[in-house]
Amino acid sequence: MTILLANIAKVRDRIQHATEHCGRDVKDITLLAVSKTRPATAIEEAHHAGLLHFGENYAQEAEAKVATLQHLPLVWHFIGPLQSNKTRLVAERFHWLHSLDRLKIAERLQAQRPVHLPPLNVCIEVNIDDEASKSGLHPGQLDDFVRALLSLDRLAVRGLMVIPAANQTAATTHASFERTSACLHQLQQQFPQLPLDTLSMGMSADLELAIAAGSTLVRVGTDIFGARL
Ligand SMILES: *Cc1c(COP(=O)(O)O)cnc(C)c1O
(Lines give C-alpha, C1' and ligand atoms only; values in the text may rest on other atoms or scores of the structure.)
Protein backbone atom coordinates (compact mmCIF):
# COMPACT_ATOMS: atom_id res chain seq x y z
CA MET A 1 0.00 0.00 0.00
CA THR A 2 1.33 3.46 -0.86
CA ILE A 3 1.72 6.13 1.80
CA LEU A 4 -1.17 8.06 0.28
CA LEU A 5 -3.51 5.06 0.47
CA ALA A 6 -2.45 4.37 4.06
CA ASN A 7 -3.01 8.04 4.99
CA ILE A 8 -6.49 8.07 3.47
CA ALA A 9 -7.38 4.87 5.34
CA LYS A 10 -6.15 6.43 8.58
CA VAL A 11 -8.17 9.60 8.09
CA ARG A 12 -11.29 7.59 7.26
CA ASP A 13 -10.72 5.60 10.44
CA ARG A 14 -10.49 8.77 12.49
CA ILE A 15 -13.73 10.07 10.97
CA GLN A 16 -15.41 6.73 11.69
CA HIS A 17 -14.28 6.76 15.33
CA ALA A 18 -15.21 10.40 15.79
CA THR A 19 -18.76 9.81 14.54
CA GLU A 20 -19.16 6.71 16.72
CA HIS A 21 -17.93 8.68 19.70
CA CYS A 22 -20.76 11.19 19.41
CA GLY A 23 -23.46 8.95 17.99
CA ARG A 24 -23.44 10.36 14.46
CA ASP A 25 -23.60 8.55 11.11
CA VAL A 26 -20.32 8.47 9.19
CA LYS A 27 -22.33 8.97 5.99
CA ASP A 28 -23.14 12.49 7.16
CA ILE A 29 -19.50 13.57 6.94
CA THR A 30 -17.90 14.48 3.61
CA LEU A 31 -14.13 14.14 3.40
CA LEU A 32 -12.67 16.98 1.35
CA ALA A 33 -9.05 16.36 0.35
CA VAL A 34 -7.19 19.68 0.36
CA SER A 35 -4.88 19.40 -2.62
CA LYS A 36 -3.26 22.85 -2.70
CA THR A 37 0.41 22.63 -3.70
CA ARG A 38 0.01 18.94 -4.69
CA PRO A 39 0.48 17.78 -8.27
CA ALA A 40 -2.41 16.49 -10.37
CA THR A 41 -0.93 12.99 -10.16
CA ALA A 42 -1.46 12.94 -6.37
CA ILE A 43 -5.10 13.96 -6.87
CA GLU A 44 -5.54 11.21 -9.43
CA GLU A 45 -4.14 8.67 -6.99
CA ALA A 46 -6.43 9.92 -4.21
CA HIS A 47 -9.35 9.64 -6.59
CA HIS A 48 -8.43 6.02 -7.33
CA ALA A 49 -8.53 5.46 -3.57
CA GLY A 50 -12.17 6.59 -3.67
CA LEU A 51 -12.00 10.32 -2.90
CA LEU A 52 -14.26 12.61 -4.95
CA HIS A 53 -14.01 16.01 -3.27
CA PHE A 54 -10.92 18.18 -3.67
CA GLY A 55 -10.16 21.61 -2.23
CA GLU A 56 -7.93 24.25 -3.79
CA ASN A 57 -6.77 27.63 -2.47
CA TYR A 58 -4.99 29.38 -5.31
CA ALA A 59 -6.76 30.30 -8.52
CA GLN A 60 -3.88 29.93 -10.97
CA GLU A 61 -2.75 26.60 -9.59
CA ALA A 62 -6.31 25.33 -9.41
CA GLU A 63 -7.12 26.29 -12.98
CA ALA A 64 -4.29 24.15 -14.35
CA LYS A 65 -5.19 21.13 -12.23
CA VAL A 66 -8.90 21.27 -12.97
CA ALA A 67 -8.06 21.35 -16.70
CA THR A 68 -5.59 18.46 -16.43
CA LEU A 69 -8.09 16.30 -14.53
CA GLN A 70 -11.25 17.15 -16.44
CA HIS A 71 -11.62 13.50 -17.54
CA LEU A 72 -12.32 12.53 -13.90
CA PRO A 73 -15.72 13.11 -12.21
CA LEU A 74 -14.25 15.22 -9.37
CA VAL A 75 -16.08 17.73 -7.22
CA TRP A 76 -14.00 20.90 -6.91
CA HIS A 77 -14.17 23.17 -3.87
CA PHE A 78 -12.51 26.58 -3.75
CA ILE A 79 -11.54 27.11 -0.10
CA GLY A 80 -9.01 29.97 -0.18
CA PRO A 81 -9.50 33.74 -0.16
CA LEU A 82 -11.11 34.73 -3.46
CA GLN A 83 -10.18 38.00 -5.17
CA SER A 84 -12.84 39.59 -7.32
CA ASN A 85 -10.72 39.26 -10.50
CA LYS A 86 -10.66 35.46 -9.98
CA THR A 87 -14.40 34.85 -9.57
CA ARG A 88 -14.91 33.74 -13.17
CA LEU A 89 -12.72 30.68 -12.71
CA VAL A 90 -14.73 29.62 -9.63
CA ALA A 91 -18.06 30.37 -11.34
CA GLU A 92 -17.16 28.34 -14.42
CA ARG A 93 -15.06 25.46 -13.09
CA PHE A 94 -15.94 24.85 -9.46
CA HIS A 95 -18.88 23.22 -7.68
CA TRP A 96 -18.36 24.90 -4.31
CA LEU A 97 -16.94 28.06 -2.76
CA HIS A 98 -16.29 27.86 1.01
CA SER A 99 -14.87 31.31 1.65
CA LEU A 100 -17.66 33.70 0.63
CA ASP A 101 -17.27 36.82 2.76
CA ARG A 102 -18.54 39.80 0.75
CA LEU A 103 -21.49 40.73 -1.38
CA LYS A 104 -19.38 41.96 -4.28
CA ILE A 105 -17.98 38.44 -4.76
CA ALA A 106 -21.45 36.91 -4.53
CA GLU A 107 -22.80 39.31 -7.16
CA ARG A 108 -19.97 38.54 -9.56
CA LEU A 109 -20.48 34.80 -9.14
CA GLN A 110 -24.22 35.27 -9.73
CA ALA A 111 -23.49 37.06 -13.02
CA GLN A 112 -20.74 34.65 -14.12
CA ARG A 113 -22.21 31.24 -13.26
CA PRO A 114 -22.93 29.61 -16.66
CA VAL A 115 -26.62 28.92 -17.34
CA HIS A 116 -26.00 25.26 -18.19
CA LEU A 117 -24.60 24.57 -14.72
CA PRO A 118 -26.58 24.22 -11.47
CA PRO A 119 -26.24 27.05 -8.94
CA LEU A 120 -22.81 27.34 -7.32
CA ASN A 121 -22.81 25.93 -3.78
CA VAL A 122 -21.48 28.50 -1.32
CA CYS A 123 -20.53 28.52 2.34
CA ILE A 124 -20.07 31.78 4.19
CA GLU A 125 -16.82 32.10 6.07
CA VAL A 126 -17.21 32.98 9.74
CA ASN A 127 -14.48 34.72 11.74
CA ILE A 128 -15.58 32.97 14.90
CA ASP A 129 -12.67 34.01 17.12
CA ASP A 130 -12.75 37.63 16.03
CA GLU A 131 -9.20 37.58 14.66
CA ALA A 132 -7.88 40.70 12.96
CA SER A 133 -5.78 38.60 10.58
CA LYS A 134 -8.70 36.49 9.31
CA SER A 135 -11.36 37.12 6.75
CA GLY A 136 -14.92 36.04 7.30
CA LEU A 137 -18.03 37.57 8.81
CA HIS A 138 -18.72 38.03 12.48
CA PRO A 139 -21.68 36.02 13.77
CA GLY A 140 -23.75 39.19 14.20
CA GLN A 141 -23.36 40.03 10.50
CA LEU A 142 -24.60 36.70 9.15
CA ASP A 143 -28.30 37.41 9.18
CA ASP A 144 -28.09 40.56 7.04
CA PHE A 145 -25.57 38.96 4.71
CA VAL A 146 -27.71 35.90 4.04
CA ARG A 147 -30.72 38.16 3.49
CA ALA A 148 -28.74 40.00 0.82
CA LEU A 149 -27.97 36.69 -0.91
CA LEU A 150 -31.63 35.63 -1.17
CA SER A 151 -32.14 37.23 -4.58
CA LEU A 152 -29.03 35.59 -6.10
CA ASP A 153 -30.55 32.51 -7.70
CA ARG A 154 -27.30 31.28 -9.27
CA LEU A 155 -25.94 30.61 -5.79
CA ALA A 156 -27.10 27.84 -3.44
CA VAL A 157 -26.37 29.00 0.11
CA ARG A 158 -25.35 25.77 1.80
CA GLY A 159 -23.86 26.78 5.15
CA LEU A 160 -20.83 28.06 7.01
CA MET A 161 -17.07 27.53 6.90
CA VAL A 162 -14.75 28.24 9.80
CA ILE A 163 -11.08 28.08 10.74
CA PRO A 164 -10.74 28.62 14.49
CA ALA A 165 -7.77 30.49 15.94
CA ALA A 166 -4.54 28.47 15.92
CA ASN A 167 -2.76 27.25 19.04
CA GLN A 168 -5.79 27.08 21.28
CA THR A 169 -6.56 24.29 23.73
CA ALA A 170 -8.83 21.51 22.50
CA ALA A 171 -11.61 22.80 24.73
CA THR A 172 -11.36 26.31 23.27
CA THR A 173 -11.29 25.00 19.69
CA HIS A 174 -14.30 22.83 20.42
CA ALA A 175 -16.13 25.85 21.82
CA SER A 176 -15.37 27.80 18.61
CA PHE A 177 -16.83 24.94 16.55
CA GLU A 178 -19.91 24.79 18.81
CA ARG A 179 -20.52 28.53 18.37
CA THR A 180 -20.27 28.14 14.58
CA SER A 181 -22.72 25.26 14.74
CA ALA A 182 -25.12 27.44 16.74
CA CYS A 183 -24.83 30.16 14.04
CA LEU A 184 -25.90 27.67 11.40
CA HIS A 185 -28.86 26.48 13.48
CA GLN A 186 -29.99 30.06 13.88
CA LEU A 187 -29.79 30.65 10.12
CA GLN A 188 -31.74 27.44 9.49
CA GLN A 189 -34.57 28.81 11.67
CA GLN A 190 -34.37 32.23 10.05
CA PHE A 191 -34.19 31.03 6.42
CA PRO A 192 -36.07 27.72 6.09
CA GLN A 193 -36.26 28.26 2.32
CA LEU A 194 -32.48 27.82 1.94
CA PRO A 195 -30.62 24.46 1.67
CA LEU A 196 -28.50 25.19 4.77
CA ASP A 197 -27.10 21.72 5.43
CA THR A 198 -23.34 22.23 5.52
CA LEU A 199 -20.85 22.99 8.29
CA SER A 200 -17.41 23.06 6.71
CA MET A 201 -15.17 22.70 9.75
CA GLY A 202 -12.29 20.58 10.92
CA MET A 203 -8.83 20.05 9.43
CA SER A 204 -6.02 17.54 10.01
CA ALA A 205 -5.38 18.58 13.60
CA ASP A 206 -8.93 19.04 14.86
CA LEU A 207 -11.39 17.02 12.78
CA GLU A 208 -12.58 15.02 15.82
CA LEU A 209 -13.47 18.21 17.70
CA ALA A 210 -15.30 19.53 14.64
CA ILE A 211 -17.31 16.35 14.14
CA ALA A 212 -18.30 16.35 17.82
CA ALA A 213 -19.66 19.87 17.28
CA GLY A 214 -21.69 18.97 14.18
CA SER A 215 -19.33 19.33 11.22
CA THR A 216 -20.65 17.82 7.98
CA LEU A 217 -17.49 18.37 5.92
CA VAL A 218 -13.87 18.12 7.05
CA ARG A 219 -11.07 19.67 4.98
CA VAL A 220 -7.93 17.55 5.30
CA GLY A 221 -4.62 18.34 3.59
CA THR A 222 -1.55 17.35 5.61
CA ASP A 223 -2.85 14.07 6.99
CA ILE A 224 -3.74 12.86 3.49
CA PHE A 225 -0.93 14.17 1.31
CA GLY A 226 1.83 14.72 3.91
CA ALA A 227 3.44 17.96 5.08
CA ARG A 228 3.32 20.78 2.53
CA LEU A 229 6.71 21.84 1.22
C1 LIG B 1 -4.81 24.24 3.88
C2 LIG B 1 -6.21 24.28 4.36
C3 LIG B 1 -6.80 23.16 4.97
C4 LIG B 1 -6.05 21.87 5.25
O5 LIG B 1 -5.25 22.02 6.39
P6 LIG B 1 -4.41 20.76 6.96
O7 LIG B 1 -4.01 21.22 8.31
O8 LIG B 1 -3.26 20.58 6.04
O9 LIG B 1 -5.32 19.59 6.99
C10 LIG B 1 -8.13 23.25 5.33
N11 LIG B 1 -8.86 24.37 5.12
C12 LIG B 1 -8.33 25.46 4.54
C13 LIG B 1 -9.19 26.66 4.33
C14 LIG B 1 -7.00 25.45 4.15
O15 LIG B 1 -6.48 26.56 3.59
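The values are calculated or read from the model by the stated rules, or taken from the named source; none is laboratory data. If you're wondering where the values come from, they're calculated on a predicted model, not measured in any experiment. Because the Cβ atoms are built from the backbone with ideal geometry, glycine has one as well, and the counts that use them run over all protein chains shown. SASA here: full protein model, heavy atoms, side chains in, ligands and nucleic acids out. Shrake-Rupley method; radii C 1.70, N 1.55, O 1.52, S 1.80 Å.
For region 24-74, a residue qualifies if it is in contact (Cβ under 8 Å) with a residue 12 or more places away in the chain, within 23 Å of A213 (Cα to Cα) and in a helix (DSSP H, G or I), and exactly one does: D28.
If you check L199, L187, L229, which single one turns out to be modelled with pLDDT of 95 or more and either part of a loop (DSSP other than H, G, I, E, B) or surrounded by 23 or more Cβ atoms within 10 Å (Cβ to Cβ) (or both)?
L199
Residue pairs whose Cβ atoms lie under 8 Å apart, sitting 6 or more positions apart in sequence or on different chains, and linking a residue in region 76-88 that is in a helix (DSSP H, G or I) to a partner that is surrounded by 16 or more Cβ atoms within 10 Å (Cβ to Cβ) and not aliphatic (A, V, I, L, M), are S84/R108; T87/R108; R88/R108. Would you mind stating whether A132 is open to solvent by 50 Å² or more (accessible area, probe 1.4 Å), within 16 Å of the ligand (Cβ to nearest atom) and not in a helix (DSSP H, G or I)? When the stated conditions are applied, A132 does not pass them.
The single condition among (1) open to solvent by less than 50 Å² (accessible area, probe 1.4 Å); (2) not in a helix (DSSP H, G or I) that D143 does not meet is (2).
Candidates in region 149-184 are the residues that are within 16 Å of the ligand (Cβ to nearest atom) and part of a helix (DSSP H, G or I); of these, the one that is most open to solvent (accessible area, probe 1.4 Å) is A170.
Yes/no per residue for (1) under 15 Å from D223 (Cβ atoms); (2) over 17 Å from the mean Cα position of the chain (by Cα); (3) surrounded by fewer than 17 Cβ atoms within 10 Å (Cβ to Cβ):
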{"site": "A9", "(1), (2), (3)": "yes, yes, yes"}
{"site": "K36", "(1), (2), (3)": "yes, no, no"}
{"site": "E45", "(1), (2), (3)": "no, yes, no"}
{"site": "A62", "(1), (2), (3)": "no, no, no"}
{"site": "A67", "(1), (2), (3)": "no, yes, yes"}
{"site": "Q70", "(1), (2), (3)": "no, yes, yes"}
{"site": "L74", "(1), (2), (3)": "no, no, no"}
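Of all residues in region 47-60, exactly one satisfies the criterion of being closer than 15 Å to K86 by Cβ, open to solvent by less than 20 Å² (accessible area, probe 1.4 Å) and more than 13 Å from the ligand (Cβ to nearest atom), namely A59. I15 meets the conditions (1) assigned to a helix (DSSP H, G or I); (2) β-branched (V, I, T); (3) open to solvent by 40 Å² or more (accessible area, probe 1.4 Å) in every case but one. The failed one is (3).
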